[in-house]
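Down below is the structure, laid out as structure tokens.
The values are calculated or read from the model by the stated rules, or taken from the named source; none is laboratory data. Everything numeric here is computed off the predicted structure, so don't read it as measured data. Here the Cβ positions follow ideal geometry from the backbone for every residue, glycine too, while neighbour counts run over all protein chains shown. The area values use the complete protein model at the heavy-atom level, side chains included, leaving out ligands, DNA and RNA. Shrake-Rupley method; radii C 1.70, N 1.55, O 1.52, S 1.80 Å.
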Amino acid sequence: MGGGRGRRSNPAGDSIPQLCHRTPGVPIDVPVPTPPHVPQPRPPRPHCCVSLQASCSVSPQDLAVPNAGWSAAMCEQYQRLLRCTTNGSWRRIPSYRRGLDHLPEVLQMTVDPGPGPRLFLRNVDAEGAGFEYAIFLHASGRRTRCLCQVGPYLEGHQGFAHGGAIATLVDTTVGTCALAAAKMSAMTAKLSISYLAPVPLGAVVVADSRVEQHEGRKIFLSCQVCDTQRDTLYAEATALFIQVEDNNSPPSPAACPQR
Ligand SMILES: CCCCCCCCCC(=O)SCCNC(=O)CCNC(=O)[C@H](O)C(C)(C)COP(=O)(O)OP(=O)(O)OC[C@H]1O[C@@H](n2cnc3c(N)ncnc32)[C@H](O)[C@@H]1OP(=O)(O)O
């Protein structure tokens, strides 16, 4: 589905094959929003370099591995990508329920055994219902490849993925690439996406990202989202990430235009 509408993608020309839990609905205490006219202090930057809580007895579960919700196609493509890690040219990045996907040289995960904040892409517990994904990082540290099965809870138009879900996938793929390139925390400053063909729910897609330019604190990246056969280009994107020091004070709020 959608195969005829996307642009044909260019082969990436690399050594990797061309590929294009638990209880649902854990209640979360949602804070009551403060009225918009009350000025609020800017929240601190996310602290990425958080040490593993030694006191926590719960072993974090790596979710970037096959589970019962993965389709045969997803499993097959995952195994293909995994084979490319054996010579060290690529490596799989572990992923946890809490904390960003795990790049130990850049950040360490937090361990959260209970309900509370969750990584956005890991907020659905039912296997296969939300984002099922695994990210691979190239040895250059400047390319990432995300294999993702788009679950039914990501629906936008009937039978197809929500554009925001695709944006999340892209942001995460380029974000991982930016963090690896920066070797420090970085945040999305700009994300531009062209949606070229609708992604059917249940589809397995591959998002390929690379650093295009790295100038000081600014990292410019590109990303393409394709089917596993590289027949359909679902989306292409460019992004700008800005390196941030974890212990910096937050930037002053941007002035809001007067109405
Ligand atoms: C393994 C782990 C995987 C993790 C993947 C996670 C992916 C998820 C990533 C996210 O979703 S992050 C959440 C969404 N992003 C934000 O919430 C960021 C909100 N914005 C900010 O906090 C600040 O605006 C920002 C940190 C991006 C920049 O503020 P700074 O004060 O540090 O930057 P500054 O204003 O000094 O600008 C530095 C340079 O960047 C440029 N710049 C900043 N924002 C820009 C912008 N939006 N567009 C274009 N250029 C921009 C700016 O012009 C300047 O260029 P020059 O050095 O050439 O003068």
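General observations
- Residue selected from the range 199-216 under the condition more than 9 Å from the ligand (Cβ to nearest atom) and not in a strand (DSSP E or B), by the criterion farthest from Q149 (Cα to Cα): V199
- Tally of residues being open to solvent by less than 50 Å² (accessible area, probe 1.4 Å), touching an Asp or Glu at 6+ places or on another chain (Cβ under 8 Å) and in a loop (DSSP other than H, G, I, E, B) across the range 86-101: 5
Each row is one residue, and each column tells you yes or no for (1) in a loop (DSSP other than H, G, I, E, B); (2) in contact with a helix residue (DSSP H, G or I) (Cβ under 7 Å, 6 or more places away or on another chain).
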residue: G114; (1), (2): yes, no
residue: A129; (1), (2): yes, yes
residue: Y133; (1), (2): no, yes
residue: F136; (1), (2): no, yes
residue: A165; (1), (2): no, yes
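For (1) crowded, with 22+ Cβ neighbours inside 10 Å; (2) modelled with pLDDT under 95; (3) of a type in the set (S, T, Y); (4) in a strand (DSSP E or B), each residue gets a yes or a no:
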position: T176; (1), (2), (3), (4): yes, no, yes, no
position: A197; (1), (2), (3), (4): no, no, no, no
position: C226; (1), (2), (3), (4): yes, no, no, yes
position: A254; (1), (2), (3), (4): no, yes, no, no
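- Filtered by the rule that a residue be in contact with a helix residue (DSSP H, G or I) (Cβ under 8 Å, 6 or more places away or on another chain) and charged (D, E, K, R), the range 189-216 gives D208, R210.
- Selection status of R83, in contact with a helix residue (DSSP H, G or I) (Cβ under 8 Å, 6 or more places away or on another chain), basic (K, R) and open to solvent by 40 Å² or more (accessible area, probe 1.4 Å): no
- Per the conditions (1) within 12 Å of the ligand (Cβ to nearest atom); (2) surrounded by fewer than 16 Cβ atoms within 10 Å (Cβ to Cβ); (3) modelled with pLDDT of 95 or more, the sole criterion not satisfied by I219 is (2).
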